[in-house]
Ligand code: ARG
């Protein structure tokens, strides 16, 4: 085996088969194949540009690399686990395809700056994929919100019915969260703008490489500024995993609500058959497995983050082989996140909303007790006193089994002289919603404006990413709302 390894000159013994199996990462980093080829082509071009390689050699290398890309594409590339990783698999194949000129490609380059570059290129695409998946989910949330402006449900705190809100308002809360997730991923792109190639193993190169040229070839805005940092840093991987974890938190929260809301106890929604599964034993069951799994997979993405944080903690500069462990959690988190975003978008888009059940739950007059207290405030009573008085009214209604709205002006005056009307005139579901016109509130007009602003932001973002069909669907659901 040693003759296949590029460091064979220094070694007298073949690698132990256990070590070979243990250190091989090709089953994971094969995912980087196309980025590695892209990086190698840019590196070869740069070597030609500075005169280290003849233009003929550059052409030969490029055609060999293109042939390898074609083999990857059609699944005929002969992967060899003995060659450890994707970089050496590709280089070795290049030798087989173009002969000794392949030995010139690795000039001024190490696998350390090579893998850092591959990862940055991979993450740039992964960020775009995640942003597109987030965009789709946000679009679905806005679409459904547009249809549910007049649907009212209780808002909860401590899982206790608190105050009524519009369902559109509730769905827009998630659109806000996923919008911030998208902004966090976008901001990560700033940390992926520098090209590590040319940093070598850790200390750069004595050869007259043109790092700016390579960076430009690969769409980076500049070379990285410190050769040690170039090969030692994995904080962009940590950042990707952190942002992915935050997004999974949001996905698991909406999942939990879908699970709760589809119980008979709540009965607020019914997931479509396409987004539910049955029980192998109980014929009556319709289970919300997709959101449950999203909730479950959240733990897995947190695990990916923890694993990478732990791998990097305490590593001295510069490259250490521990860092090979970066890829599995990164790839896993990105794939899991994209899957979960898609599954929740599908669940929300296809679920049936049971408006009557929501309204029934929101119609408990006790949910309007705060409004009664605020009425006293409008009459000049200090809020703490108003709260105390209203608390007594609520306790009275609970003990006497009375509907709050049946209290007359006189009944109310018995609790505080500042009351000037019957309870039924002071507390009413519709006006409780409509009075909340503050920015961020749940009044119809406020929600409609928030929806409009969210749509505009989404269309703008879609244009930035290069996805254009959001506009049309926004127009459609405008008509629908
Ligand atoms: N497969 C390695 C990784 O992913 C590539 C870098 C190896 N560098 C080294 N000096 N052994 O980290």
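The numbers here are math on the coordinates, done by the rules we state, and not lab data. Please read these numbers as outputs of a predicted model, since none were measured by experiment. All Cβ positions, glycine included, derive from the backbone under ideal geometry; neighbour counts span all protein chains shown.
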Output the relative contact order of segment 343-460, whole-number percent, from Cα pairs under 8 angstrom with separation of 6+ residues. 20 percent
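How would 214, 420, 311 line up from fewest to most surrounding beta-carbon atoms within 10 angstrom? List each step's numbers first, then the result.
On the way: 214 27, 420 13, 311 19.
So the ranking, lowest neighbour count to highest, is 420, 311, 214.
Determine how many Å³ per residue the convex hull of the Cα atoms of the chain encloses.
207 Å³
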Is the C-alpha gyration tensor of segment 127-190 telling us rounded, prolate or oblate? Criteria: a/c under 1.5 is rounded; beyond that, a/b larger than b/c is prolate, otherwise oblate. oblate
Averaged over all viewing directions, the convex hull of the alpha carbons in segment 336-394 casts a projected area in nm² of 7.1 nm²
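Report the per residue volume, in Å³, of the convex hull enclosing the C-alpha atoms of segment 1-101.
Working: hull volume 10.2 nm³, N = 101.
Taking the convex hull of the Cα positions in segment 1-101, it is 101 Å³ per residue.
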Can you give me the distance in nm between label points at residue 355 and residue 191, each placed 7 Å from the Cα along the Cα-to-Cβ direction? 4.6 nm
Output needed for segment 69-165: three equivalent-ellipsoid semi-axes, defined as square roots of 5 times the C-alpha gyration tensor eigenvalues, in descending order, whole Å. 54, 16, 12
Between the Cα axis of helix 33-49 and the main Cα principal axis of the chain, the angle (0 to 90°, nearest 10) is 50 degrees
Bin by bin, in steps of 5 Å, what percent of the Cα pairs in segment 84-126 do you find, going until the bin that has the longest distance? 6, 20, 25, 23, 16, 8, 3, 0
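Please work out the FRET efficiency for the pair residue 277 and residue 129, using the Cβ-Cβ distance as r and a Förster radius of 25 Å; give the result to the nearest 0.05. The partial results should precede the final answer.
On the way: r = 27 Å, r/R0 = 1.06.
The pair residue 277/residue 129 has a calculated efficiency of 0.40.
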When only alpha-carbon atoms are used, what values of Rg and Dmax, in angstrom, describe segment 196-314? 23.5, 73
Within the P(r) computed for segment 270-408, what percentage of the Cα pairs occupies the region above 27 Å? 59 percent
Note to self: C-alpha centroids of segment 182-242 and segment 421-461 sit apart, in Å, by 46 Å
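Based on DSSP H runs of at least 4 residues, each adding -39500 (n - 2.57), what is the mean residue ellipticity at 222 nm of the chain after dividing by all its residues, to the nearest 500 deg cm²/dmol?
Details: 20 runs with 294 residues, N = 481.
That calculation yields -20000 deg cm²/dmol at 222 nm.
Determine the gain in length on full extension of the stretch residue 184-residue 216; use 0.36 nm per residue of separation and subtract their C-alpha separation, reporting nm with one decimal.
Values: separation 32, 0.36 × 32 = 11.52 nm, distance 2.49 nm.
My answer for the length gained is 9.0 nm.
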Can you give the angle from 0 to 90° between the axis of helix 369-378 and the longest principal axis of the chain, with both taken from C-alpha atoms, to the nearest 10? 70 degrees
Restricting attention to the alpha-carbon atoms of segment 91-224, what are Rg (one decimal) and Dmax (integer), both in Å? 24.3, 75
With r defined as the distance between the Cβ atoms of residue 228 and residue 424 and R0 fixed at 56 Å, what FRET efficiency is calculated, to the nearest 0.05? 0.15
Roughly how many Å is it from the Cα centre of segment 282-303 to that of segment 323-392, as a whole number? 20 Å
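Please work out the FRET efficiency for the pair residue 398 and residue 293, using the Cβ-Cβ distance as r and a Förster radius of 35 Å; give the result to the nearest 0.05.
Details: r = 41 Å, r/R0 = 1.16.
Using R0 = 35 Å, I get an efficiency of 0.30.
For residue 452 and residue 465, compute 0.36 nm times the residue count separating them, minus their Cα-Cα distance, and round to one decimal in nm. Could the numbers behind the result be given before it?
Working: separation 13, 0.36 × 13 = 4.68 nm, distance 2.01 nm.
Length gained between residue 452 and residue 465: 2.7 nm.
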Per 0.36 nm of contour for each residue apart, how much would the distance between residue 66 and residue 300 grow if the chain were fully extended, relative to their Cα-Cα spacing? 80.6 nm
By how many degrees, 0 to 90 and rounded to 10, does the Cα axis of helix 235-261 deviate from the longest principal axis of the chain? 30 degrees
